[in-house]
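Below is one structure, written out as structure tokens; the observations come after it.
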Amino acid sequence: MIKFIKFIIVFSILSGCGYSPMLAGKDYPFTLNSIKIKGEKKKINSLIQNNLNNSISKRNKGEKINKIQYDLEIFTNFSKSVLSNDSKGDPTTFEQNIEVDVIIYKDGKKLKTVTIKKKNSYNNLNDKFELKKYEDNLIENLCYNIVVRIMNILSNV
């Protein structure tokens, strides 16, 4: 009997905990009419564009009525630098910086300009293919974090 009660308690606690992505469960009070992105790296621009489109389109299929409509103009800047070298002069630590300037428009009028800066430091790897895959993964994560920040800013405008 005691084992059954413990099982019920543990089961109810564990079933009550659920994972949901940060952007998936939100219903935003706005829609995006247009998103114009300019910048150096096309990959970063496309990642931000796709993440913004996915987060808005999942929630707002055909529901543009009674929602605030924004236009975004986004400028991206990417830099990669060496933070430290070993005794031979080979790089041991890198840093990636992504800086995004977001201009928010409503009805053709500029509402707000926001600068978002994200950076990540990481160690060098011997296998350059693995290093490239790791760098690409870091860029994807930084872009996702930037989109989350943009969505939070738009929710509070």
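The values are calculated or read from the model by the stated rules, or taken from the named source; none is laboratory data. Note that this is a predicted model, so its numbers are computed, not measured. A quick note on method: Cβ atoms are made from the backbone with ideal geometry, for glycine too, and the neighbour counts reach across all protein chains shown.
Pairs only if they're at least six apart or on different chains, beta carbon under 9 angstrom, first in the range 113-130 and under 19 Å from Thr76 (Cα atoms), second surrounded by 12 or more Cβ atoms within 10 Å (Cβ to Cβ) and basic (Lys, Arg); list them, first residue then second.
Val114/Arg149; Ile116/Arg149; Lys118/Arg149
Yes or no, residue by residue, for (1) surrounded by 15 or more Cβ atoms within 10 Å (Cβ to Cβ); (2) at pLDDT 90 or above:
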| residue | (1), (2) |
| --- | --- |
| Ile65 | no, no |
| Phe75 | yes, yes |
| Ser81 | no, yes |
| Pro91 | no, yes |
| Val100 | yes, yes |
| Lys109 | no, yes |
| Asn141 | no, yes |
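Can you tell me which of Ile35, Ile44 is of a type in the set (Val, Ile, Thr), surrounded by 10 or more Cβ atoms within 10 Å (Cβ to Cβ), in a helix (DSSP H, G or I) and modelled with pLDDT of 70 or more? First the steps, then the outcome.
Numbers: Ile35 fails: in a helix (DSSP H, G or I).
Selected residue: Ile44, the only one of Ile35, Ile44 that is of a type in the set (Val, Ile, Thr), surrounded by 10 or more Cβ atoms within 10 Å (Cβ to Cβ), in a helix (DSSP H, G or I) and modelled with pLDDT of 70 or more.
Please indicate, with yes or no, whether at least one residue in the range 64-76 is part of a helix (DSSP H, G or I) and touching a residue at least 40 places away in the same chain (Cβ under 8 Å).
Keep residues of the range 64-76 that are part of a helix (DSSP H, G or I), which gives none.
Within the range 64-76 (the criterion being part of a helix (DSSP H, G or I) and touching a residue at least 40 places away in the same chain (Cβ under 8 Å)), the answer is no, since none of the residues qualifies.
Closer than 25 Å to Phe75 by Cβ, assigned to a helix (DSSP H, G or I) and touching a Phe, Trp or Tyr at 6+ places or on another chain (Cβ under 7 Å), is that true of Leu154? Give the derivation first.
Numbers: closer than 25 Å to Phe75 by Cβ: yes; assigned to a helix (DSSP H, G or I): yes; touching a Phe, Trp or Tyr at 6+ places or on another chain (Cβ under 7 Å): yes.
Considered against the rule, which asks whether it is closer than 25 Å to Phe75 by Cβ, assigned to a helix (DSSP H, G or I) and touching a Phe, Trp or Tyr at 6+ places or on another chain (Cβ under 7 Å), Leu154 comes out as yes.
I'm trying to understand the selection: among the residues of the range 111-157, which are charged (D, E, K, R) and touching a strand residue (DSSP E or B) at 6+ places or on another chain (Cβ under 6 Å)? Can you show your working first?
First pass over the range 111-157, keeping only residues charged (D, E, K, R): 112, 117-119, 127-128, 130, 132-133, 135-136, 140, 149.
Selection gives Lys112, Lys117, Lys118, Lys119, Arg149.
Could you list all residues from the range 113-124 that are over 17 Å from the mean Cα position of the chain (by Cα) and surrounded by 14 or more Cβ atoms within 10 Å (Cβ to Cβ)?
Tyr122, Asn124
Would you check which residues across the range 47-63 are at pLDDT 85 or above and either over 16 Å from the mean Cα position of the chain (by Cα) or part of a strand (DSSP E or B) (or both) and list them?
Passing the criteria: none in range.
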